[in-house]
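What follows is a set of notes on a single structure, which appears directly below.
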Amino acid sequence: MPLQECNPWEAVLNNVRGTRNLVTIANETGVERFVLISTDKAVRPTNIMGGTKRVAEMLVECMNGRSGCLFMAVRFGNVLGSSGSVIPIFEQQIAARLPVTVTHPEVTRFFMSTAEAAQLILQVGAMAEGGEIFILDMGRPVKIVDMARDLIRLHGLKPEQDVPIRFVGLRPGEKLYEELITEGEGIVPTTHEKIRVIRGRQRDFAVLNGQIDALIQAALTYDVDVIKAKLKELMPEYSPQK
């Protein structure tokens, strides 16, 4: 996420233009089902990663009916052990007896295992009718500092005595709390007890495509202020941090 915040043009080109390229190819080549991997950061986004992923969701939501392909999205929380996950970083710090670095004492995140992530993709690919955003019930969010203390104890050590915990501050665009749905999004259960679904508001395809064109053009100028302004036009709920 920090890399995308520092290089917003690359986030737009990868998450928005890249998704649109894949959607176009899926339509042209007879793909039957298309699953977009999104993120809880797309809910009321405060950062470039979340904003560009929300645009990708919007694109996928309005693609159904334009070909024989069914388009859908899944919102992930943090996948344990994935690239950038905090646990491998904490493990390395504990093993080296270095301070465990936590951004903020109150920061919380939703977590899911790699097995849950893979099963969610396969499950929604089978159950989707097109145009949905699927969410896994991940239970209660976890306080990161509690996770750090638990990991230290699992290594037979004492938090603050054997391994200190250092609070280093939130990163640019980072929120204390992540959310899975925006207020007003109609979320309903599915036939799977741990999967819920949102039926999004479909945008006018031509209007959305025009707005995406303008966003991509802004990215090609490397103008951060214009990029953020174009994202704000696409989604009023986008509130970038200053």
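What follows draws every value from the coordinates through simple rules; no lab data is involved. Computed from a prediction, not measured in an experiment: that's the story for all the values here. Cβ: placed from backbone, ideal geometry, glycine included. Neighbour counts: every protein chain shown.
Label-point separation (nm) for Lys158 and Asn14, each offset 7 Å from Cα along Cα-to-Cβ?
4.3 nm
Sorted by average packing, counted as other Cβ atoms within 10 angstrom per residue and highest first, what order do 163-175, 52-64 take?
The packing order, highest mean first, is 52-64, 163-175.
Normalised by the empirical 2.2 N^0.38 Å for globular proteins, what value does the Cα Rg of the stretch 1-155 take?
1.19
Considering Cα pairs under 8 angstrom that are at least six residues apart, work out the relative contact order of the chain and quote it in whole percent.
Relative CO of the chain lands at 27 percent.
Using 0.36 nm per residue, how much length does the chain from Glu129 to Asn21 gain when fully extended, once their Cα-Cα distance is taken away?
Result: 36.7 nm gained on full extension.
Any chance you could count the Lys pairs in the chain whose alpha carbons are under 17 Å apart, treating pairs 8 or more apart or on different chains as valid?
Summing the qualifying lysine pairs gives 14.
Distance in nm between label sites at Arg33 and Lys228, each 7 Å beyond Cα in the beta-carbon direction?
4.0 nm
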